[in-house]
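The values are calculated or read from the model by the stated rules, or taken from the named source; none is laboratory data. Worth saying up front: this structure is predicted, and the values here are computed from it rather than measured. Reconstructed Cβ throughout: ideal geometry from the backbone, glycine too, with neighbour counts over all protein chains shown. Calculation scope for accessible area: heavy atoms of the full protein, side chains included, ligands and nucleic acids excluded. Shrake-Rupley method; radii C 1.70, N 1.55, O 1.52, S 1.80 Å.
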Amino acid sequence: MKYFNGRQRGYVVCDLTRERWRTDYRLLPQSAPTGSTVPDPNAPITTAASFELPDRGVVRRV
C-alpha cells in the first residue's frame, strides 16, 4: 500500500483481524488562518484514503 500527500499532516490507523487488514490515512486539519502552526482544535479530522487487504486477497482501495 502506498499513499502520499505532502501538503498535509496526518497519521495512519490500521485495523487487523483474522479476515482482513484495513488501513485508513487520516488527515489533521490545516493550520488556523491566523498564521499559527497549531491546527484548529474544532476542525474535523478527515479520512484521505482507505485500503483493505482481505485474507489471501488483493489490496483494494475502499
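Some points to look at:
- Single residue of region 47-61 satisfying the filter (over 14 Å from residue 19 (Cβ atoms) and of a type in the set (A, V, I, L, M)) that is most open to solvent (accessible area, probe 1.4 Å): 58
- Any hit, region 2-13, residues being more than 12 Å from the chain's Cα centre (by Cα) and either hydrophobic (A, V, I, L, M, F, W, C) or modelled with pLDDT of 80 or more (or both): no
- Count of region 27-62 residues which are within 13 Å of the chain's Cα centre (by Cα), part of a strand (DSSP E or B), modelled with pLDDT of 85 or more and not hydroxyl-bearing (Ser, Thr, Tyr): 5
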